[in-house]
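Written below as structure tokens is the structure these notes are about.
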Amino acid sequence: PIHVHGVYSDTFYRSFLCRSFALDPTWLEQSNVSREDAASLLTETFLTKYERANIPVIIQGATTSWPAIQKWTNPNYLIEKTKGCISFRATSGSAPYPAQFSMKAYLDYCASSAAKMDEAPLYLFDRSFAIQAPDLFQDYYPSLQKTCPYFSPDAPHGHDLFGLLGDGRRPDHKWIILGPQRSGSNFHIDPNATHAWNVPIVGRKFWIFYPPGIPPPGVIPSPDGDEVTMPISVGEWFLSFWSEHVKQRNNPDVSKRPLECIVSPGELIFVPHGWWHLVYNLDEGVSIALTQNYVSSTNLPTVLRFLNMKRNQISGCRDRSAEAVQPDQFYEEFARVLKDQRPDLQSAHHISEKGWTCSAWKDHDNSDNEQNKTQSYDLPSIESNTHLNEKDSSFMLVNGARKHEKRKYDDSNVGLYNPISVMGRAKSLLVKQTVDSPMGDQEMSGGTFSFSFLQ
């Protein structure tokens, strides 16, 4: 390397540090998420104990009989079943724009030295796989309804209520996810106040949860929740804030303590609405997973209030204006469909009008937002790593950690970019200072993840 006296680059050094570190095995020893056996878990038990209570749970044996568990371990099967597909979308915490891959090209990337060198490896998450590769959809969805009947659209309690709008008119809700070791998603809350489930098909995932209304260390949301300042990559968070996280494990208020677990193939994890969560792929080779977000009768009051009060944060539909219901009309249209097709759930409207039923969200008028937004980011120990001031810089140094200030639900998502080298990444960060490209609707901004389909 070339040594230049008196010159320090946070862009190069921190990137090298974050891609070189390995998780201490002792960090993975905490396991405090409840576990249930799929064969004995009744629908009413799941709803009462977990969905209505809004508590994460791992359902063991939920997916062991799924054809995907056996078939998807063979990469040639995935390549064969995705031949003719247009492309699959991948991005990372250090890439300003997503890249487009064929399945074979992405699997080749995961096996390459480039994936090992990237601070935040490119992470494939694709919303259109069920249409592009219907055989993959059939490898799991019919089995899901049998092994987890509480996730069936026909469940009498009211599951997947956005489905009442119709497939094309509803927000994006299901994704296939692939990533190499060390890939994952930084802390986020799932979109549109939805619940979710996540299933690892190949490879284990390490999860960290923080309860609604309790931002994780190093994660600073604006008062209205529309913007979040957070570390650029998962590795950055581990290096900078793990010690503070360990302290939170012993918070005197038990309700504010984080939850942690490892989820393995054969298991399904329920992700309740409003919980902050981080996900990290542990194993060598490519990890493969499925995830789906949904609205149930249990979170319907929060969803209705979110759709009405947080219209600028509604996501998953903006780049499909020809067919999908748009944010400015979504609340009224969803309320109309609910009234017509599920009149038994009308009490949710009355509950939503009284206030939030989940502490992840609060009401703020515009004047409060503008006044508090500056206060939220008036942080100690902020240094710019360039000659640009904080306002102009795409990222800043906060207590030693590089952070992005980003919109949580941005319209930026569609583009072509493949950050293979550290030099390319550094260049992209500088270019991003002056480039503002309108892109699609998978909610990426400043190269930092936003939510659960990145798990």
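Give me the net charge of H157's neighbourhood, meaning all other residues with Cβ under 15 Å from the Cβ of H157; Lys, Arg count +1, Asp, Glu -1. Overall, the nearby charge balance is -2.
Neighbours of Q60 by Cβ distance under 9 Å: Lys/Arg scored +1, Asp/Glu scored -1, total -2. Can you bin the range 173-218 into rounded, prolate or oblate? Criterion: square roots of the alpha carbon gyration tensor eigenvalues sorted a ≥ b ≥ c, rounded for a/c under 1.5, prolate for a/b above b/c, oblate for the rest. The shape class here is oblate. In this structure, the amide hydrogen of D226, modeled 1.01 Å from its nitrogen in the peptide plane, lies closer than 5 angstrom to no residue at least 5 positions away or on a different chain. Placing pseudo-labels 7 Å out from each Cα toward the beta carbon at A111 and D167 gives an inter-label distance of 3.3 nm. One decimal place: the segment R52-V254 gains 70.8 nm when fully extended, by the rule 0.36 nm per residue minus the C-alpha distance. For the pair A22 and Q341, the difference between a 0.36 nm per residue extended length and the Cα-Cα distance amounts to 109.7 nm. Note down the nm distance, to one decimal, between modelled labels 7 Å out along Cα→Cβ at E29 and at Y13. It works out to 3.2 nm between the two label points.
Listed here are the pairs K104/K310; K174/K310; K83/K116; which of them are more than 29 Å apart at the Cα?
K104/K310
In order along the range 31-36, the Karplus-derived 3J(HN,Hα) couplings, from 6.51 cos²θ - 1.76 cosθ + 1.60 at θ = phi - 60°, round to 8, 10, 8, 4, 10, 10 Hz, and Gly and Pro are given as x.
Between H350 and Q70, the simple label model (points 7 Å from Cα in the Cβ direction) yields a spacing of 5.1 nm.
Summing charges over all other residues whose Cβ lies under 13 Å from the Cβ of Y50, with Lys and Arg as +1 and Asp and Glu as -1, gives 0.
Values in this text are rule-based calculations from the coordinates and carry no lab data. Keep in mind that this is a model prediction, so the values were computed, not measured. Note: ideal-geometry Cβ built from the backbone for every residue, glycine included; neighbour counts use all protein chains shown.
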